[in-house]
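J.: This is the structure, below, for whatever I ask next.
The values are calculated or read from the model by the stated rules, or taken from the named source; none is laboratory data. It should be emphasised that the depicted structure is a prediction, and the values quoted were computed from it without experimental measurement. Glycine also receives a Cβ, built like all others from the backbone with ideal geometry; neighbour counts cover every protein chain displayed. Ligands, DNA and RNA are excluded from the accessible area calculation, which covers all protein heavy atoms including side chains. Shrake-Rupley method; radii C 1.70, N 1.55, O 1.52, S 1.80 Å.
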Amino acid sequence: MLIKPRTEPEELLLLRILNTRWNLDPKEASNYLHLEKGYLGEKQFDLLLKDLKGDWLMLNDLLFDCSNTVFQIDSLLISQGTIYLFEVKNYEGDFYVEKDNWYTAAGNEIKNPLLQLKRSESLFRRLIHELGFTFNVEAHLIFINPVFFLYQAPLNLPIIFPPQLTRFFDQLSRKSAEIFGKPFKLAEKLAAIHIKKSQYAKRPSYTYQQIQKGIICKSCGLFLTNDDIKILTCKSCGHKEGVSSAILRSVKEFQILFPSEKVTTNVIYDWCRIMKSKKAIRNTLSGNFKKVGVGRSAHYI
Ligand SMILES: [Zn+2]
């Protein structure tokens with residue numbers, strides 16, 4: 001049973017829009033690609049979890065605060081007596097381990113992902129203890145990408161490598177037993193204390209003037225150039241989308257980029273750029289948002 005689904009991280013949503021509408025500097029661009037890849041890996045892991053047989057409570061993408069220390073968990077699987085904690089990595093290519101240090105094939109040291117796993121595991125144990133629950137906690141580092149390889153990996157690490165995933169999930173399916181009472185209470189509690197807003201989200205500094213206006217094609221990500229009364233057709237990929245849905249997507253992007261700016265017909269008219277008249281914008285806004293104020297101070301929430 002899925003108790004908490006995964007949602008796209010705010011930072012990823014923001015960087016994805018900025019990547020199309022602005023020039024991210026190399027560091028931000030690399031952070032963006034890293035987040036996009038990580039999220040893709042987590043979604044792939046979710047697909048495997050979805051096929052798991054038996055009785056389980058699943059919570060994905062969690063952020064907790066335990067004694068003023070914030071930590072994040074990619075996935076939790078709760079059974080009657082055991083909680084499985086997963087950290088998912090979408091690493092690609094060859095890596096090697098030397099003592100406690102991890103390196104890329106080219107010899108560049110990377111953060112040891114097992115340390116991150118150990119930290120989350122220990123904080124999570126403390127958290128459920130503080131909540132008054134007793135469970136076994138089993139933490140695993142999951143490598144989801146089939147072209148990942150780790151040289152010199154010792155035998156006893158809590159790692160599931162790509163060729164082991166199917167077997168691991170088969171074993172879990174066999175371990176499943178009916179759940180009742182306590183796991184439901186814990187899952188409910190965990191979903192309730194999950195921190196909704198990431199404190200890590202870093203906002204690059206940009207201004208409205210710097211950002212490219214227009215409506216972005218939902219399918220290929222390029223800017224739309226045409227203006228039609230009902231349907232917008234992308235000249236690059238041919239994707240068709242209703243005007244209202246395209247405007248609504250653009251409003252959401254505007255709100256993510258400028259959360260403190262008011263949404264008005266004029267603002268969105270300027271933002272969408274390609275619409276010849278304001279009518280479609282006014283109709284979309286009034287049909288999907290609540291209008292506050294009148295005249296010049298009117299805006300939508
Ligand atoms: Zn397109």
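J.: Considering Leu40, Leu47, Leu62, Leu85, which residue is closer than 29 Å to Ser176 by Cβ, of a type outside the set (D, E, K, R) and without any contact (Cβ under 8 Å) to a residue 24 or more places away in the chain?
T.: Leu47
J.: Taking the residues in segment 62-106 that are modelled with pLDDT under 95 and on the phi > 0 side of the Ramachandran plot as candidates, determine which candidate is nearest to the chain's Cα centre (by Cα).
T.: In this case the residue turns out to be Asn68.
J.: Next up: Look at segment 99-114 and say how many of its residues are open to solvent by 100 Å² or more (accessible area, probe 1.4 Å) and closer than 17 Å to Pro154 by Cα.
T.: 2
J.: So the check is Cβ under 7 Å with 6+ separation or different chains; which pairs have a first residue in segment 231-248 that's free of Cβ contacts under 8 Å to residues at least 12 places away in the same chain and of a type in the set (S, T, N, Q) and a second one that's within 13 Å of the ligand (Cβ to nearest atom) and in a loop (DSSP other than H, G, I, E, B)?
T.: Thr233/Asn226
J.: Here is a follow-up. When you scan segment 206-241, how many residues do you find that are aromatic (Phe, Trp, Tyr) and away from the ligand (no atom under 11 Å from the Cβ)?
T.: Count: 2.
J.: State all residues of segment 170-187 that are surrounded by 14 or more Cβ atoms within 10 Å (Cβ to Cβ) and either aliphatic (A, V, I, L, M) or at pLDDT 95 or above (or both); if no residue qualifies, say none.
T.: Once the filter is applied, which keeps residues that are surrounded by 14 or more Cβ atoms within 10 Å (Cβ to Cβ) and either aliphatic (A, V, I, L, M) or at pLDDT 95 or above (or both), segment 170-187 yields Leu172, Ile179, Lys182, Pro183, Phe184, Leu186, Ala187.
J.: Moving to a separate point now. Where the second residue is loosely packed, with under 14 Cβ neighbours inside 10 Å and assigned to a loop (DSSP other than H, G, I, E, B) and the first is outside the structural domain of Tyr84 (by TED's automatic domain parsing) and lies in segment 106-132, which pairs have Cβ atoms under 7 Å and are six or more apart or on separate chains?
T.: none
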